[in-house]
1. Gaussian network model of the chain, Cα springs within a sub-10 Å range: biggest mean-square fluctuation belongs to which of R81, R322, R291?
2. Percent of Cα-Cα pairs more than 17 Å apart in the range 266-314, please.
3. Projecting each Cα onto the charge dipole of the chain (Lys/Arg +1, Asp/Glu -1 at the beta carbon, about the Cα centre), which of S169, G209, L82 comes out farthest on the positive side?
4. Could you give the size of the charge dipole of the chain about its Cα centre, using +1 on the Cβ of each K and R and -1 on the Cβ of each D and E, expressed in debye and rounded to the nearest 20?
5. If I take all pairs of Cα atoms in the chain, what percentage of them are more than 30 Å from each other?
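Read-outs throughout are calculated quantities, based only on the coordinates presented, and are distinct from any laboratory measurement. Because the structure is predicted, anything quoted here is derived from the model rather than measured. Heads up, the Cβs are rebuilt from the backbone with ideal geometry, glycines too, and the neighbour counts pull from every protein chain shown.
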Amino acid sequence: MDRRSLRGGFRASFSFAALLATACSQVPADARGQDDASRPVPGASPAMRVVTVAEGLEHPWGIAFLPGGDLLVTERPGRLRLIRGGALVPEPVAGVPEVAARGQGGLLDVALHPDFAANRLVYLSYSRPGPRGATTAVARGRLEDGRLAGVEEVFVAEAWGSGGQHFGSRIVFDRAGFLYLSIGDRGDRNRAQDRSDHAGAVLRLHDDGRVPADNPFVGRQGVRPEVFSWGNRNIQGMEIHPATGELWSVEHGARGGDEINVIEAGRNYGWPAITHGIDYSGAPITPDTAREGMEQPLYHWTPSIAVSGMTVYDGDAFPAWRGNLFAAALAGQHVARVELDGRRVVREERLFADLGHRFRQVATAPDGTLYLLVDHRSAPLLRVEPVR
């Protein structure tokens, strides 16, 4: 069966209420400094516990794991934080560019260069202020002695707008070293179908911001050469699948239509011409859920769970979870564990719902544990580890 037949044969339309809901048994979240769970989790998942790694983060957004066990975490108001030896370093990392910290904007994702061990380069995405409002940008600098040195702006998207929403901003490096950057529609939905700017697209760049010669629209009149895919509303979760090398994403919809997609070169993912959601007002966005030449999601959440960050698990701590996709949910206040058979969704389980957190990101650590970022003005950083 080819790729299009596979997608056409699995045009998922799962109701939020119909999903498998297995919540974790936890002790109260105010047991600060102690395990957030004192009992193994029952049900489909292996025995685990959630522990607090650090506290007092202000709206954390992205996380990166440094060699040797240290962590970098972005805070949306514009700070990059270092967690060393299991403790939050009091002073933020210096050298972060100025950000437009309003609405959903600010300092957003963080990623390490694939050759970080040699060049120490850290990449940051952020909402960049300017005369035309704000847009998504990427800068990089060398991590030296708790600061970023030699900071340079690598890329500034042509996605300017006065609104403070839908910046996208996930940074992903593939196995060949290309950089992928998600750009939201900036709250102006029709821009996602207009390839003359970068809004509502996934961009593909060299690590220094140059345009790869084999990008799908290089030389096409009226199309920005950085565009890799378009018709994307607001991708806040994106990762290279550890087994296949494909670029997977989770996309934040409106009232419904949160999506899982495999992002492929030159494809149109439909927003807003097709969607399974409706407007926040309750009005229809479009009568269509499918059109010729537009990709169907592998899976969608309708109503929306407000999906944000994601990871495809490939660790050793939870062998039964290998190949599962984990998606953080803000409004849903849980982490969705999605079992996959290739590109087919088998089932879903909701985890950590009774912690009462808005989850911004879920990430796989080098040791196979999962780290959870919580969207709050004074948020904990949580780690999910097995109970042996």
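1. Its mean-square fluctuation being the largest, the pick is R291.
2. The share of Cα pairs beyond 17 Å in the range 266-314 comes to 44 percent.
3. S169
4. 420 debye
5. 35 percent
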